[in-house]
Amino acid sequence: TQANSVRIAAGVRQELDVAFYLNRAFKEHPHVYVFNDLKLRHKGEVAQIDHLVVYAYGFIIIESKSITGEVSVNEHSEWSRSYNGSWQGMKSPIKQVDMQLSLLRDKLAYHSENLLDKLFGMLQKGFSGRQWDGICAISSNAIISRESMPLAIQNRVSKSEFVTDRILSLMDLPEKFHSSGLAYR
């Protein structure tokens, strides 16, 4: 339908917008890798990941959400958004990101023997010591109502233009991993 195609087009624009910011921040970084629009399959489950940032200490999944009006999250972590003055509920992108992180973690653990070297040639390394983070990037023209939003969710929601700032604070890279010429903090 027309409404669906408009919404789909807006979603694609939002994903491209976030990809632009991620590319701008990390394309020259030797220790950070960005993957956009991934389809992940593992043991019969499928997840579509908008953006995955991989760095030495972990993984960050970013879910892009195109919202034109206002977005609100109540004290029960229930999401809603306004459109043309009307409010409606929506699925939690944070819950979606957490499910994607879980699937990614399971897939990497399942294949860790093929992906990682063995320590001293005998002890298998794993992914358990890595950071696993997920955030939601909301359209820059949206209004994020944070009054009743739980703090744990506030820290995981960002407007598109601030998404790389949030990612850098999550990564907290040691000085040796900073790329020359890139501004951090």
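The values are calculated or read from the model by the stated rules, or taken from the named source; none is laboratory data. Since this is a predicted model, take the numbers as computed values, not measurements. Note that each Cβ is placed from the backbone with ideal geometry, even for glycine, and that neighbours are counted across all protein chains shown. Each accessible area value is taken on the protein alone, full model and side chains, heavy atoms only, with ligands, DNA and RNA left out. Shrake-Rupley method; radii C 1.70, N 1.55, O 1.52, S 1.80 Å.
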> What are the residues in the stretch 20-49 that are crowded, with 20+ Cβ neighbours inside 10 Å and either farther than 19 Å from GLN131 by Cβ or without any contact (Cβ under 8 Å) to a residue 12 or more places away in the chain (or both), if any?
Replying inline: TYR21
> Consider SER180 against the criteria (1) of a type in the set (Ser, Thr, Tyr); (2) open to solvent by less than 50 Å² (accessible area, probe 1.4 Å); (3) at pLDDT below 75: it satisfies all of them except one. Which criterion is unmet?
Replying inline: (2)
>> Of everything in the stretch 52-100, what is under 15 Å from ARG130 (Cα atoms), open to solvent by 10 Å² or more (accessible area, probe 1.4 Å) and hydrophobic (A, V, I, L, M, F, W, C)? Give them in sequence order.
In response: LEU52, VAL54, ALA56, PHE59
> Going by the conditions given, is LEU108 part of a helix (DSSP H, G or I), touching a helix residue (DSSP H, G or I) at 6+ places or on another chain (Cβ under 9 Å) and open to solvent by less than 60 Å² (accessible area, probe 1.4 Å)?
Replying inline: yes
> Which one of LEU116, LEU123 is modelled with pLDDT under 95 and exposed (fewer than 13 other Cβ atoms within 10 Å of the Cβ)?
Replying inline: LEU123
> What are the residue pairs meeting all of these: first residue in the stretch 130-147, first residue farther than 22 Å from SER102 by Cα and touching a residue at least 60 places away in the same chain (Cβ under 8 Å), second residue of a type in the set (Gly, Ala, Ser) and open to solvent by 10 Å² or more (accessible area, probe 1.4 Å), Cβ atoms under 6 Å, and 6 or more apart or on different chains?
Replying inline: SER139/SER66; SER145/SER72
> Given the conditions (1) within 15 Å of the chain's Cα centre (by Cα); (2) modelled with pLDDT of 95 or more; (3) within 23 Å of GLU161 (Cβ to Cβ), and given that MET99 satisfies all but one, which numbered condition is not satisfied?
Replying inline: (3)
> What residue, among those in the stretch 8-19 that are surrounded by 14 or more Cβ atoms within 10 Å (Cβ to Cβ) and either touching a Lys or Arg at 6+ places or on another chain (Cβ under 7 Å) or not aliphatic (A, V, I, L, M) (or both), is farthest from GLY58 (Cα to Cα)?
Replying inline: GLY11
